[in-house]
1. Work out the mean other chain Cβ neighbour count within 10 Å for the residues of B:484-492 and drop it here as an integer.
2. Quick check: net charge around A:Arg449, other residues with Cβ under 13 Å of its Cβ, Lys/Arg +1 and Asp/Glu -1?
3. Do any chymotrypsin sites (Phe, Trp or Tyr not before Pro) in the stretch B:346-393 lie in a DSSP loop with no more than 16 other beta carbon atoms within 10 Å, and if so, which?
4. Which helices count as membrane-span-like in chain A under these terms: full DSSP H, at least 27 Å along the axis by C-alpha, Kyte-Doolittle mean of -0.5 or more?
5. Report, in degrees rounded to the nearest 10, the 0 to 90 angle that the Cα long axis of helix B:518-530 makes with the longest principal axis of chain B.
6. Find, among the GluC sites (Glu not before Pro) in the stretch A:26-77, those assigned to loop by DSSP (not H, G, I, E, B) with at most 16 other beta-carbon atoms within 10 angstrom.
7. Let me check I've understood the local charge: for B:Lys521, count other residues with C-beta under 15 angstrom from its C-beta, Lys and Arg +1, Asp and Glu -1. What total comes out?
8. Please report the carbon-and-sulfur percent of the accessible area for the protein assembly as shown; probe 1.4 Å, protein heavy atoms only, DNA, RNA and ligands left out.
Amino acid sequence: MSKHDVIFVGGGFNALVCASYLARAGKSVLILEQRERVGGLVGTEEFAPGFRASVCFQSAELLHPTVLSDLELDRYGLRLLSGGGTLVPDGDRESRYFAGSGTGIEGILDADRAGFRELASLIEATGKALEPLMTSPLPDIERRGLGDLIELLKAGWRLRKLGDPKGLEVMRMIPMSVKDVLDERISDDATRAALAGPALLGSWLAPRSPGSALGLVYQRPGWIDGLFPGVAHVKGGMGGLAEALEESAVAQGVEIRKGNGVQKIESAGTRVTGVKMCDGDEHTAPTIISGVDPRTTLLDLADASELDPELAFATRGIRSRGSVAIVRYALDSLPTFGSASEKLTGRIQLGADLDTLERAFDPIKYGKVPESPWAEVYLPTTVDRTLAPEGKHVLTAWVQSIPGPMGCGETDIADEVREATTRLLETHSPGFSNSIIHSHVRTPREIERDFGITDGCVYHVEPAMDQMLYLRPMPGWYAYRTPFRGLYLCGAGNHPGSGLSGLAGKNCARQVLSDGKR
Amino acid sequence: MARSYDAIIIGGGHNGLVCAAYLARAGKSVLVLERRDILGGATVTEEIYPGFKYTVCSYVVSLLRPQIISDLNLPKFGLELLPLDGTMTPMPNGDHLMRWHDSADTRLELMRHSAKDAEAYEEFGRLMHHLAMTIRPMLSTIPPDPFSLSPSNIADLARLGGKFAERGEHLYDLAKLMTMSSADLLEQWFETPVLQGTLGASGIIGTFLGPRSPGSAYVMMHHYMGEIDGQFRAWGLPRGGMSGVVNAIADSARYHGAEIRTDAPVSEILIKNGRATGVVLEDGEEIKAPMVASSADPKITFQKLVDQSHLEEDFKASIDRFKIRGSSGKVNLSLDALPEFDCLANIGVVGKDAVPYLSGAISISPDLEYLERAYDDAKYGNFSRHPYMDIVIPSLIDPSMAPAGKHVMSCFVQYAPYDLAKGTWDDQREAFGDAVVNTIAQYAPNFKSTILHRQIMTPLDLERRIGLTNGNIFHGELSLEQLFFLRPVPGYGRFGTPVKDLYLCGSGAHPGGGVMGAPGKLAADIMLEASL
Ligand SMILES: Cc1cc2nc3c(=O)[nH]c(=O)nc-3n(C[C@H](O)[C@H](O)[C@H](O)COP(=O)(O)OP(=O)(O)OC[C@H]3O[C@@H](n4cnc5c(N)ncnc54)[C@H](O)[C@@H]3O)c2cc1C
Ligand SMILES: Cc1cc2nc3c(=O)[nH]c(=O)nc-3n(C[C@H](O)[C@H](O)[C@H](O)COP(=O)(O)OP(=O)(O)OC[C@H]3O[C@@H](n4cnc5c(N)ncnc54)[C@H](O)[C@@H]3O)c2cc1C
């Protein structure tokens, strides 16, 4: 039994950011995390004796600069190591390498330069126009307060200022498929694949899916320079980021309890009152913020029987299907990927043309594992020697499109995924298989099991046109509030949902504070 | 000896004719020039084999604007719409799903498949109806320019905004529906695969999308917007086939003084000092007019009929990017007897008793996976081995379409991509026809032996015969980035073009394809305003 202003269900990345902001505003905050470590999908673990690697994702370049500075992450030990751009191996053919921005861009064919420049300026313009809508809660369109209306008009104005026809061109691009947008401007397969990969990663979309172009903008938002940003590795793996966040939060007085999950969010009617822990403990607070995904929060943890039927229907309509497997390898030697070793420090895109990405997607629609998946690969030990024994290496592959239990049911697909991934790596770096000391697979099923995320969907709520902005996580519930009074959501499933920016957590804190003043 | 006119309309499809009729009705002297020897474009009946009249392309009317029917007095000029009743979907297991026009009957039938779905179906229908009503005003509105600050434009925007605001909380539903996939929507509502498949099928018609492609839900709703006699989602076949609509419009136009010429292909639009001044026909004849409207699609209009030196690079690039991939084909058949479906024989419905089941549409769409797999084939440049089909037997509704005792059958087929990965449509045509026939024969074993003739319209044939670029049935894809003020290209959503006095009045303009007449009418409105 304890009393706080705010209790967090789950101590994931976004919860830590949100908690820090609230503590800085003078709130007393308690975080309840089920695992022995906070950070959720942001973490480092020893997956084989002597080999450590990030749990899920690999890089921190999307972190919003205000989060970095507001929470003084430098001071609390965050060390970023800069890695390279994007390498695209293509079997026996010579690899291609893309890096830099503006006039310093590397890797674009002469024939594509004009088209690439146009694309870059279009995405940059869209990112800049959208940035103010991402860095704060969305203007309230229902109460039609004057201030909110002005915010919205301003966004429209920014778009207009881009001028005719550019403003219209932006509107035209947003609902398009990434393939159509790229085909219009770029003729080279490898360039198209290098640009499409990040836009699709983690989603349930393929190059031909309308709306996938939105990923180009969301993965390269206004605060990022160019379309091939260098990778920002975190020293010690992504756990280094979680630890810095944890220390920053604790320094502000946030209390963190680990190793005990929340079993139930208690409510009287639709007013939340506190939480009940798996070990029977109880905590009360007027405000509960969940960093767990919206479906789990509203349907499993909260008392779903209190939801009116329409809201329950909308909540069940949130799509959170898993689609990514994380496969990690402990290696005897560094794979070559047909390239000089200094080009292996960034992201490596395995899948060198759009049809390869498209075909890899088809099986998930029928609940099957692709025989030839595509993957985004990282070799963190090329910049951080603390992760593996001398001379040895770690490789992490995000393998796309792997079904979660919602898609493939009870079938255990881990070995199938491991084999398909090893085959893929062997194709692009012959001899790879012989260098494997150990491998570790998490398909969406294991992501769900280990982190409590519906179907192992790494974005909590699938990124797609109909689950963005005012529709994220569900229509009308874009302001971090929920149908339960006092219950908020701060995780990746909320606006803006643009990768690991920290903005969902930051915006949620702002919303909670401004609601508290009313 | 050149006569001159107030306006020349290129193309005698239904939209060109609607445009001409409205202009003539307002007192303009109008000339319509049609390339073919027959009017109608994709809205046409042709007697391909003696006694058998085929609705060669489009085969049902549902979206034709009621206002156009009354303004042009079409019933007086012979338009008569015969209702199509219901949709039957045969299933591979020998069962079927029958949706009747009568909702009580449909409910009973759905109960057989799932009580839960029978319940949800009505609720779903109400939501779709409501959303369709929200969208529908857009079909008869000239899109405002979102960036123009002119007072009249802001007033237009505000009016449209007001119409939406009346719909209150449904705005979110609408935003979702515009952007989601039909499969996601249907799986949220229903559990019966054959119902999901059949409803989802209307989300892919005419598109190069599968039911799992975002955006397909909007296309699906488009089909809830039709109305005949105020009945939502009612379909009709004009007496005499699709030419019944076109002949009525043409007669109305002539009645108001329009002149219509067939066998008159336009080879060039004359442009002087940035203004359209007339046209040249293929045989060299020049005809002058201060206004020209083209109902040929935007690619034909701006890449074939306009000398490129008159267009700016940006505009040329936009037209180049206009998406007009063909994805559908059509197979029209003469039949010696009606097909005998297993699914009906299984419940003892044979002979005359089967007629009511066959008098609406017959949909080959057993589930979403079937449709999606058909799409997968097409993505990589193959026609679907197991295609989706929407079939009607017009002779059951209008016996004059075929000799006594015989029938005509119209099969709309997806997918048939215009660009094939291997070979050409000239060598794949028969194989495509076989895939269609074999698919139907799986459900109706007597089918093959009843076929007297077949006409196979691949996308290439639609292009050659009807003049549809890439065989795209809507003169350009109906994807979000090509709708409303973005149709056909950004900056030209209001029927005007960079060439002064040259207008678009066909399906390539807002609000797009379908036997709707809306582009023709709205273009006429704009032209009349400009000529004041
Ligand atoms: C392949 C891939 C691609 C991605 N792409 C990018 C990218 O390009 N760029 C980028 O920046 N980000 C990317 N991400 C997204 C990023 O990983 C996630 O969005 C982010 O980590 C989610 O953080 P979170 O705090 O919202 O949720 P989580 O990390 O899921 O945190 C939730 C926490 O709640 C805890 N929890 C769950 N249930 C309970 C309970 N009942 N009681 C108590 N605790 C509970 C969990 O243990 C966990 O710690 C990607 C991820 C992957 C894997
Ligand atoms: C197979 C198929 C099935 C369809 N099914 C349906 C359906 O069931 N229901 C429905 O509502 N819609 C359906 N549609 C869509 C609908 O038929 C079309 O969108 C509509 O008919 C187009 O009308 P339009 O007047 O804009 O163009 P068109 O009908 O294409 O008319 C354009 C005319 O311009 C002429 N032309 C072109 N170039 C020149 C030139 N240089 N000089 C002179 N004339 C020229 C052409 O010959 C043609 O007659 C279908 C279409 C197809 C192809």
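1. That works out to 3 on average.
2. So the environment of A:Arg449 carries a net charge of -2.
3. B:Tyr380
4. Membrane-span-like by this rule: A:113-134.
5. 10
6. On the way: sites: A:Glu33, A:Glu36, A:Glu45, A:Glu46, A:Glu61, A:Glu72; in loops: A:Glu36, A:Glu61, A:Glu72.
The qualifying sites are A:Glu36, A:Glu72.
7. Details: positive: B:Arg25, B:Lys28, B:Arg65, B:Arg136, B:Arg494; negative: B:Asp71, B:Asp525, B:Glu529.
Every neighbour counted, the sum reads +2.
8. On the way: 18930 of 37460 Å².
Answer for the protein assembly as shown is 51 percent, counting heavy atoms of protein chains only.
The values are calculated or read from the model by the stated rules, or taken from the named source; none is laboratory data. Predicted model, so just to flag it, every value in this text is computed and none were measured. Note: ideal-geometry Cβ built from the backbone for every residue, glycine included; neighbour counts use all protein chains shown. Accessible surface areas use protein heavy atoms only, side chains included; no ligands, DNA or RNA. Shrake-Rupley method; radii C 1.70, N 1.55, O 1.52, S 1.80 Å.
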